[in-house]
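See below for the structure under consideration.
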Amino acid sequence: MLKTRRELDAQLGGAARAWLDQALTEAARALPVWELRFASAGRHCGQDHADSVRTLLLREACADGATLTRLYQQGTAAERRAVLLALHSLVGSPAALPLLEDALRTNDTRLVAAAVGPYAAAHLDAHAWRHAVLKCLFTGVPVDAVADLERRAAGDGELARMLADYGAERTAAGRTVPSDLPRVLTLTGERPDRPEES
């Protein structure tokens, strides 16, 4: 879960707080060095705080679509995750969907989890959203990561069919049905043949 600036100030040591103050000032002034700070956030503030620090920097810089795309394409997995986590607060249109689509093609569970957040809930079309939910089940990402799951799943008969088919395939192959599958199936409110969890 992302931390606020106040929470970071309470948890970071003095040197890290000073570094963050400087980095946020540079981002607010659109000084080019802020992108280097974005990359080195984990080293200066710790990996546990890196997502929060990077998303704060992106927001402070009011990073536009071109900047977000560049940072995503050139970044490490951790930097890509921060871009994905910040999309809903920076991009009000579907323009950044290619970044989500790229993340959802990977098997990196942290990228997949970041990709199914609020931006996906707002902008993925029904077909892509259903496949994103299935991707979570395939890769073991808890469906709690899927923003607005209950609303989007409600009454989705096609999602129910896909879930039932996937569960049946797993059962026929003697493989365990993901524990989240029955939960999502219930959220659809539909009743196809329901797979048994093994």
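Before I look further, what does region 1-127 give for accessible area per residue, probe 1.4 Å, in whole square angstrom?
On a per-residue basis, region 1-127 sits at 49 Å².
Can you give the extra length, in nm with one decimal, that the chain gains between Val33 and Asp165 once fully stretched, where that is 0.36 nm per residue apart less the Cα-Cα distance?
Extra length available between Val33 and Asp165 comes to 42.5 nm.
Kindly state, to the nearest 0.05, the FRET efficiency for Ser89 paired with Thr186, given R0 = 45 Å and r defined as their beta-carbon distance.
0.90
In the chain, what percent of the accessible surface is made up of carbon and sulfur (1.4 Å probe, ligands and nucleic acids excluded)?
Carbon and sulfur: 49 percent of the exposed surface of the chain.
What nm value, rounded to one decimal, do you get for the distance between Met1 and Arg105 when each label is placed 7 Å out toward the C-beta?
The answer from the label model is 3.4 nm.
Per DSSP helix of 4 or more residues, -39500 (n - 2.57); summed, then divided by the residues of the chain. What does that give at 222 nm, rounded to the nearest 500?
-21000 deg cm²/dmol
At a threshold of 8 angstrom on Cα-Cα distance, excluding pairs fewer than six apart, so keeping six or more, what relative contact order does the chain reach in percent? It would help to have the intermediate numbers written out before the result.
Details: 228 pairs, mean separation 24.7, N = 198.
Over the chain, the number comes to 12 percent.
Would you please give the FRET efficiency between Ala10 and Asp144, computed as 1/(1 + (r/R0)^6) with r the Cβ-Cβ distance and R0 = 30 Å, to the nearest 0.05?
Numbers: r = 26 Å, r/R0 = 0.86.
The pair Ala10/Asp144 has a calculated efficiency of 0.70.
Report the rotationally averaged projected area of the chain based on its alpha-carbon convex hull, in square nanometres.
11.8
If you put +1 on each Lys and Arg Cβ and -1 on each Asp and Glu Cβ, how big is the dipole of region 1-94 around its Cα centre, in Debye rounded to 20?
60
Can you tell me the FRET efficiency between Ser179 and Arg43 if r is taken as the Cβ-Cβ distance and R0 is 41 Å, rounded to the nearest 0.05?
The value I calculate is 0.65.
The values are calculated or read from the model by the stated rules, or taken from the named source; none is laboratory data. Worth saying up front: this structure is predicted, and the values here are computed from it rather than measured. Don't worry about glycine lacking a Cβ; one is built from the backbone with ideal geometry, like all the others, and counts go over all protein chains shown. Note: accessible area is taken over every heavy atom of the protein model, side chains too, but ligands, DNA and RNA are not part of it. Shrake-Rupley method; radii C 1.70, N 1.55, O 1.52, S 1.80 Å.
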